[in-house]
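The values are calculated or read from the model by the stated rules, or taken from the named source; none is laboratory data. Worth saying up front: this structure is predicted, and the values here are computed from it rather than measured. Glycine also receives a Cβ, built like all others from the backbone with ideal geometry; neighbour counts cover every protein chain displayed. Just so you know, the surface numbers come from the protein's heavy atoms only, side chains and all, with ligands and any DNA or RNA stripped out. Shrake-Rupley method; radii C 1.70, N 1.55, O 1.52, S 1.80 Å.
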Amino acid sequence: MKKALVTGGNRGIGFAITQGLMAEGFEVYLGARDWQLGEQAAIEAGAQFVQLDVSNPESIRAAVNEIQAVDVLVNNAGVLGSGGVLDSEQEFAISMATMVHGPFLLMHLLAPAMIENNYGRIVNISSDWGLFSEGMKGPGGYGVAKAALNALTFSAASSLPNNVKVNAMCPGWVNTRMGGFGSERPPEKGAETAIWLATLPETGPTGKFFRDKNEMAW
Ligand code: NAP
């Protein structure tokens, strides 16, 4: 049975990705920073809970120690922030820790086993707000952090063997706590491209950005 880790799996799109991967037959580790919320969500999804604060390197190392290796890594956890990009040093640091350094460290620690197994699928849940081609929007450090996550995706793909694939994607504007509840797009719809990227065949793409399974320019 293939194993997957989904970060920020306790709600929103991460929870929908967890459910989607469970339906595909994966054994899923649902990563969440809050024990109670994470355990509740894992029970509901039939997944295994792993405590994981992606902004904390110690928490990441402990979680990787616990799960050892996975076939699929979904870097989903994210924070939005507020104000302008230069307004808050603290918010900028949180954005970069959560959406850049955390995904980097998980890839750094989990990719070697994927390389050894000659199989891996890494899905970075980004945003079109992190695309130069779309004008890099979003509050606080959000757009810059997502742009850095896109750059990490692009760069890592060239240093990984072809069957260890890493792609980034935008889930669209989704009805979640982050997206606000004005959107009619449910989390399950936002999760579809992630599940597709997590189950790509050997001939599938790597080092690309997708929205609704369509490639977009960085
Ligand atoms: P959400 O409902 O706000 O969920 C965010 C998730 O990330 C929560 O589970 C949250 O955990 C977790 N998280 C935040 N910081 C974390 C940390 N340090 N360690 C571990 N988990 C952490 O947002 P969402 O809409 O599902 O967003 C999921 C992803 O999609 C994000 O990367 C977001 O940027 C991206 N995205 C969303 C939209 C949209 O319209 N919703 C659009 C484009 C991209 P807690 O419950 O503990 O806070």
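Odds and ends about this structure:
- 5 angstrom amide H check on K165, placed H, neighbours 5+ away: G120, R121, I122
- The largest-to-smallest principal axis extents of the Cα set in the chain are 44, 38, 35 Å.
- When +1 charges are put on Lys and Arg Cβ atoms and -1 charges on Asp and Glu Cβ atoms, the dipole computed for the chain relative to its Cα centre reaches about 300 debye.
- In order through segment 140-145: 3J(HN,Hα) via Karplus (6.51 cos²θ - 1.76 cosθ + 1.60), integer Hz, x for Gly, Pro: x, x, 4, x, 5, 5
- Across segment 87-130, the convex hull enclosing all Cα atoms gives 64 Å³ per residue.
- Checking the cross-link pairs K137/K165; K146/K213; K3/K146; K2/K146 against a 24 Å limit on the alpha carbon distance flags K137/K165; K3/K146; K2/K146 as lying beyond it.
- Ordered by 1.4 Å accessible area with all protein chains kept, K146, K137 run largest first as K137, K146.
- Rolling a 1.4 Å probe over the protein heavy atoms leaves M178 with an accessible area of roughly 80 Å².
- Taking the chain as a Gaussian network of alpha-carbon nodes connected by springs under 10 Å, the highest mean-square fluctuation of the residues A32, A16, A113 belongs to A113.
- Pairwise FRET efficiency - M178 versus A217, Cβ, R0 = 30 Å, nearest 0.05: 0.80
- Largest mean-square fluctuation among T203, T98, T176, in a Gaussian network model of the chain whose springs join Cα atoms under 10 Å apart, belongs to T203.
- GluC sites (Glu not before Pro) within segment 117-215, DSSP loop, no more than 11 other Cβ atoms inside 10 Å: E184, E202
- Share antiparallel - DSSP beta bridges, the chain, percent rounded to 5: 10 percent
- Gain in span if fully extended, A69 to D34, counting 0.36 nm per residue against the direct Cα distance: 10.4 nm
- Karplus-derived 3J(HN,Hα) values for segment 72-77, using 6.51 cos²θ - 1.76 cosθ + 1.60 with θ = phi - 60°, are 10, 10, 10, 7, 9, 3 Hz; glycine and proline are entered as x.
- Sequentially through segment 58-68, phi angles give Karplus couplings (6.51, -1.76, 1.60; θ = phi - 60°) of 5, 5, 5, 5, 5, 5, 5, 4, 6, 8, 6 Hz, Gly and Pro residues having no value and appearing as x.
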